[in-house]
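Comments concern the structure below.
None of the figures in this text is laboratory data; all of them are computed from the coordinates on show. Not measured: the values here are computed from a predicted model. Cβ: placed from backbone, ideal geometry, glycine included. Neighbour counts: every protein chain shown.
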Amino acid sequence: MVCIRIGVRFHLTPRRMFNEFKKYYVWAPEHEDDVQVNFKLKASKLLSSTFCDCRRENRMPGFMVPDRWALYLETLRS
């Protein structure tokens with residue numbers, strides 16, 4: 001697991017985000033694989049939607065650092 005601290009922000013890896021999710025929800029062990037697949041799909045859609053909204057409103061998401069946001073916008077322009 002990789003967690004990099006930049007200022008007061010922590011960059012969460014997908015595994016760490018899923019582990020945070022597991023703190024609040026419980027399921028039978030035989031459903032672990034299905035839950036992980038569903039989590040990844042829904043998290044991906046939510047992240048994509050967040051980026052679209054932020055780009056449309058011309059604002060940086062609170063979880064990003066400015067240099068990464070600038071790089072993201074530059075990538076979109078090319």
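What to note about this one:
- Listing Trp69, Trp27 from fewest to most neighbouring C-beta atoms within 10 Å gives Trp27, Trp69.
- Footprinting exposure proxy ranking of Arg77, Arg15, Arg55, fewest other C-beta atoms within 10 angstrom first, gives Arg77, Arg15, Arg55.
- Which of Met60, Met17 has the fewest Cβ neighbours within 10 Å, and the rest in rising order: Met17, Met60
- Label-zone membership for the stretch 39-55, site His31, 7 angstrom Cα→C-beta point, backbone N under 19 Å: 39-43
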